[in-house]
Amino acid sequence: MRVAACLASSSVPTASLKVTSVELVKRYLDRLGRDDIVLAAAQVEEAKVVYSANTTFYPGQRLHHAVFGEGEVAAVEGNASDPVIDVRFDQAGRRRLIARRAPIELLEGSQSALHS
């Protein structure tokens, strides 16, 4: 979207435009004859992966997944030490995850309300 905004603008951007694929965008701009737009590689931050080691999961718990976003545990299956959780994500729909391997973290208030 930022490339489109630069192309639509009649003024030359004052700072370099950060893009993830510099070569691809450069070829595109070259074909358009726009050598006035300076490109730079964007810094891509990797998601902080937090693996659940000693967490007990139960239906109704709210969590955040590094890729799928926020969701609610719908079901917990399998061994308690290595459960498979069924999560309803707000944006990504329903997903089954191996809890110990998934990059998830419990949201505030979920961990303190553990079932006995």
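Any read-out appearing in this document is the output of simple, stated calculations on the displayed coordinates, not a laboratory observation. The structure displayed is predicted, hence computed values, not measured ones. Every residue, glycine as well, gets a Cβ built from its backbone with ideal geometry; the counts of neighbours run over all protein chains shown.
Here are a few things to note about the model shown:
- Cα gyration tensor, segment 50-91 - rounded (a/c under 1.5), prolate or oblate: oblate
- Residue 20 versus residue 56: modelled label distance in nm, points set 7 Å from Cα along the beta carbon direction: 4.0
- Dividing the mean sequence gap of close Cα pairs (under 8 Å, 6+ apart) by how many residues segment 2-41 holds gives a relative contact order of 47 percent.
- D_trans [Stokes-Einstein, Kirkwood Rh over alpha-carbon pairs] for segment 2-41, 20 °C, 1.002 mPa s, µm² s⁻¹: 211
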